[in-house]
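Here is the structure we will look at.
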Amino acid sequence: MSGPTAPSRYRLSRMRPRDPNQPHRSASMLELFFDLVFVVAVSIASAELHHALAEGDFLHGITSYAMVFFAIWWAWMNFTWFATSYDTDDWLYRVLTIVQMGGVLVLAAGVPDAFAQGEFTIAVIGYIIMRIAMIAQWLRASRHSGPLRSATRRYALGIAFAQILWIGFLFVPPELGIPAFVVFALVEISIPVFAEYQRQTPWHPHHITERYGLFTLIVLGESLLASANAIIEALHEVESLGPLIAIAVLTLVVTASLWWIYFWPPHHHAITSFRRSLRYGYTHYFVFAAAAAFSAGIEVEIDVLTGHSELSPIAASFTVTVPIAVFLIGIWWIAIRDNADRVVNTVFPIASVVVLLDPVIPIPFTLTAGILIVIVTMLVIRPPVQKSPVSRG
């Protein structure tokens, strides 16, 4: 496998598979630019979740959030895994990537209607724009992929088929909307299995895990920004600044702890085979969604404090502790447990579950912050266990 070749007379490079062992492979400036549009989409989804939870509409809010975030996450996944294998960075590749960015922005514009009314028309239009560009990328890759040509064409075929299903989703009766969404989502996540069951496209373990780390920073940053904005807006609505200061400090402590915990293990060891890469990639849906939902929980806590929500303090605290617990269990399952000793693998999952006990005390998620500090301290004392990487299979 090799990197891009010299440009042709059209100033285009042959889109050949990238070398999965290329040294010093890191995220490109275009990939960083691409991620910016997801800041918008994640922010809107988190804001919609906040409003639903603050009104006590838990079932609808969580269900809608899960569906909308799946659309956001899968759009990011489609590009990220393609780019790790076929990034040529010529003008056509850049143009098609920017077209996908436009599709993501259309998707983001459709999030409020999808969330509140189950109306996915704008979101599907955004996906059509993204999919036209993505199919073009895979078909272009098929021209010079050699033994991987069949895999690239199956990707193009699978994506086109899934997109036809999503267009059909617009005509599904409302009462069947959720079951249909689940079925179509399963079709989506089966496309990589269908495309790569014979030969796998080459992913660069350091590059792809860096991309996941960067997206984690986006969702954690969204939590900090949304929480800060909520605190600033509440400054003139409370009689005492003490509770707001406590929430601000604890938000920073929790977010910093989640960052520390996420980047503790060597993530590239988690995707040493096709099966492990699927587990790593798909479980991150819950990690990303939980990190973005954390900000919604903080905003709910502030709404209760300022009298803008009728939720009980216990219910409000659960909107914070549940996302944290999901994040912790998810990252432990896919990256930490294989790089930790027996002590860490015993204490970590127990502590993650104990996080849920925080709502039984009156001070907002103080126990959770304390538990996270304990986890971080344990990880500092007990560094990752050095293990030989497992070969790809």
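Set side by side, the residues Trp203, Trp259, Trp264 differ, and just one is assigned to a helix (DSSP H, G or I) and in contact with a helix residue (DSSP H, G or I) (Cβ under 9 Å, 6 or more places away or on another chain), which is Trp259. Going residue by residue through segment 45-55, is there one that turns out to be more than 30 Å from His308 (Cβ to Cβ), at pLDDT 95 or above and crowded, with 22+ Cβ neighbours inside 10 Å? No, that holds for no residue. Comparison of Pro112, Pro192 shows that the only residue that is of a type outside the set (Gly, Ala, Ser), buried (at least 22 other Cβ atoms within 10 Å of the Cβ) and touching a residue at least 60 places away in the same chain (Cβ under 8 Å) is Pro192.
All of Ser26, Ser13 fail the test of being surrounded by fewer than 21 Cβ atoms within 10 Å (Cβ to Cβ), under 21 Å from the mean Cα position of the chain (by Cα) and not in a helix (DSSP H, G or I), apart from Ser26.
Of all the listed residues (Glu175, Glu210, Glu188), the sole one being over 17 Å from Trp76 (Cα atoms) and among the acidic types (Asp, Glu) is Glu175. Just one of the numbered conditions (1) without any contact (Cβ under 8 Å) to a residue 60 or more places away in the chain; (2) closer than 17 Å to Ile231 by Cα is not true of Val322: (2).
Checking Pro383, Pro364 one by one, the residue that is outside any helix (DSSP H, G or I), surrounded by 21 or more Cβ atoms within 10 Å (Cβ to Cβ) and at pLDDT below 95 is Pro364 and no other. Here Ile159 fits the description: farther than 30 Å from Trp332 by Cβ and either among the β-branched types (Val, Ile, Thr) or touching a Lys or Arg at 6+ places or on another chain (Cβ under 8 Å) (or both). Taken over segment 101-160, the criterion of being within 24 Å of the chain's Cα centre (by Cα) and on the phi > 0 side of the Ramachandran plot is satisfied by Gly118 alone. Note on segment 258-315: among residues that are among the small types (Gly, Ala, Ser), over 20 Å from Ser190 (Cβ atoms) and over 18 Å from the mean Cα position of the chain (by Cα), the one that is surrounded by the fewest Cβ atoms within 10 Å (Cβ to Cβ) is Gly307. A count restricted to segment 293-312 and to residues that are under 18 Å from Ala248 (Cβ atoms) and either assigned to a helix (DSSP H, G or I) or not assigned by TED's automatic domain parsing to the domain that holds Ile245 (or both) stands at 13. Can you find, within segment 121-133, the residue that is surrounded by the most Cβ atoms within 10 Å (Cβ to Cβ) among those that are in contact with a Leu (Cβ under 8 Å, 6 or more places away or on another chain) and aliphatic (A, V, I, L, M)? Only one residue tops the list, namely Ala123. Tell me whether segment 71-90 contains one or more residues that are among the charged types (D, E, K, R), part of a helix (DSSP H, G or I) and farther than 17 Å from Phe286 by Cα. Scanning segment 71-90, I find no residue that is among the charged types (D, E, K, R), part of a helix (DSSP H, G or I) and farther than 17 Å from Phe286 by Cα, so the answer is no.
The values are calculated or read from the model by the stated rules, or taken from the named source; none is laboratory data. Bear in mind the structure is a predicted one, so any value in this text is a computation, not a measurement. As a convention, Cβ positions derive from the backbone with ideal geometry for all residues, glycine included, and neighbour counts pool all protein chains shown.
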